[in-house]
1. Which of the following residues is under 18 Å from the mean Cα position of the chain (by Cα), closer than 18 Å to residue 301 by Cα and small (Gly, Ala, Ser): 113, 57?
2. List pairs: first residue in the stretch 287-311 and among the charged types (D, E, K, R), second residue open to solvent by 50 Å² or more (accessible area, probe 1.4 Å) and modelled with pLDDT of 80 or more anywhere in the structure, Cβ distance under 8 angstrom, at least six positions apart or on different chains.
3. Sort out which residues of the stretch 285-297 are at pLDDT 85 or above and surrounded by 13 or more Cβ atoms within 10 Å (Cβ to Cβ), and write them in order of number.
4. Which residue pairs have Cβ atoms closer than 9 Å, lie 6 or more positions apart in sequence or on different chains, and pair a first residue in the stretch 249-266 that is touching a residue at least 40 places away in the same chain (Cβ under 8 Å) with a second residue that is of a type in the set (A, V, I, L, M) and open to solvent by 30 Å² or more (accessible area, probe 1.4 Å)?
5. If only one of 73, 58, 99 is open to solvent by less than 10 Å² (accessible area, probe 1.4 Å) and aliphatic (A, V, I, L, M), which one is it?
6. Looking only at the stretch 6-27, count every residue that is open to solvent by 10 Å² or more (accessible area, probe 1.4 Å), in contact with a strand residue (DSSP E or B) (Cβ under 8 Å, 6 or more places away or on another chain) and not charged (D, E, K, R) and tell me the total.
7. Among what's in the stretch 102-112 and is open to solvent by less than 30 Å² (accessible area, probe 1.4 Å) and either of a type in the set (A, V, I, L, M, F, W, C) or modelled with pLDDT of 85 or more (or both), pick the residue that is nearest to residue 14 (Cα to Cα).
8. Could you check the stretch 300-326 and list, in sequence order, the residues that are under 21 Å from residue 262 (Cα atoms) and either in contact with a Ser or Thr (Cβ under 7 Å, 6 or more places away or on another chain) or not in a helix (DSSP H, G or I) (or both)?
Amino acid sequence: MNDSPALIIAVDGGQSSTLALVATLEGQIIGTGFAGPSNHVDEPGGPERLHGALDQSVSEALAASGHDSKQVVGICLGMTGGANLAFDWMTSRYPDAHVQSYYDYVTALAGASLAQPGIVVIGGTGAVAYGRLADGREVKVGGWGYLMGDEGSGYDIGRYALQRAAQASDGRIEMTSLLQMIPAQLGLKDLETVHKMLYSGQVTRPQIARLTISVITAAEAGDAVARRLLENAGEELAKVALAVAQRLGMKEQGVLVFPTGGLFQSNTIIKEALRKSIAFDAPHIQVKDHAFPPIIVGLLLALQSNVGSLSAAIIENLRATFPAAAANKHQKREQSS
């Protein structure tokens, strides 16, 4: 038995967390690692945060695998931001490995559509849609960040949830359980304390985005205010996807749209609202479930660069060994926060 197998690594770097997977050249996933956010590289401390998230997630995944960095022959990165910076960093850290780096919407579409033409709409902490056709034309819409965009994103839902809780507290709208659930999720006494912590900078953007958990819980329990927030998010994400279709000239002809990201994994309300909105405005467009999450595409691309064509056995190994904790890359961080 070979005690030192060649390894490949895939990284999914996002606004709330970073996930790394280690696999053998046979497609056996043997290590998982998590770290904090790895985007917003233009902010003060952004490059250092990205470097730290990459190092932590990859080191944790390698440690879980029981092997070390000397065995790494291929790395594929799918990054929300700083793809070039991530490429340079990982190339310097793993000079003997073949490194590839893409923006996450590219790997998301490749995984969702099995590298076929289509549009992917990503609903996570942020929001973006990307489409590519067989002739090579491509369009990205959204991804403007939490100040200029990200409509329908987890951060957007969390921000509106805070507003609705405040409005309910004032008596400006109907009562909502978010008034109690938001402070409870943040481990704070009440909404007044949330207010103080928020404006003192002690509540982070990822924490605001994760308030979506409370919104989903409330909506599923019948809270009308929370349900409207999720439905509005689905409609906003539909607008982003439809804008891509329009710019590609495919809105009337029809194209496949693949929703992916944590928001679509967490509940059915957002996805159903997106489906209804697209069906109403562009009935020729079909919404389909994604085939593979982006992190699996990273493994596929890293494998392809090292072994060439991928056998059915390799792909089946990836499916069979894909860890449950990686299905939603925020799961571990939510459990520990």
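The values are calculated or read from the model by the stated rules, or taken from the named source; none is laboratory data. Bear in mind that the values here come from a model prediction, so they are computed numbers and not experimental data. Here the Cβ positions follow ideal geometry from the backbone for every residue, glycine too, while neighbour counts run over all protein chains shown. To get the accessible areas, we keep the full protein, side chains included, count just its heavy atoms, and leave off ligands, DNA and RNA. Shrake-Rupley method; radii C 1.70, N 1.55, O 1.52, S 1.80 Å.
1. Only one candidate passes the filter, namely 113.
2. 288/256
3. Of everything in the stretch 285-297, those that are at pLDDT 85 or above and surrounded by 13 or more Cβ atoms within 10 Å (Cβ to Cβ) turn out to be 285, 286, 287.
4. Qualifying pairs under 9 Å: 258/291; 265/327; 266/213.
5. 58
6. Here the count works out to 3.
7. So, considering only residues that are open to solvent by less than 30 Å² (accessible area, probe 1.4 Å) and either of a type in the set (A, V, I, L, M, F, W, C) or modelled with pLDDT of 85 or more (or both), the one nearest to residue 14 (Cα to Cα) is 108.
8. Within the stretch 300-326, 322, 323, 325, 326 qualify.
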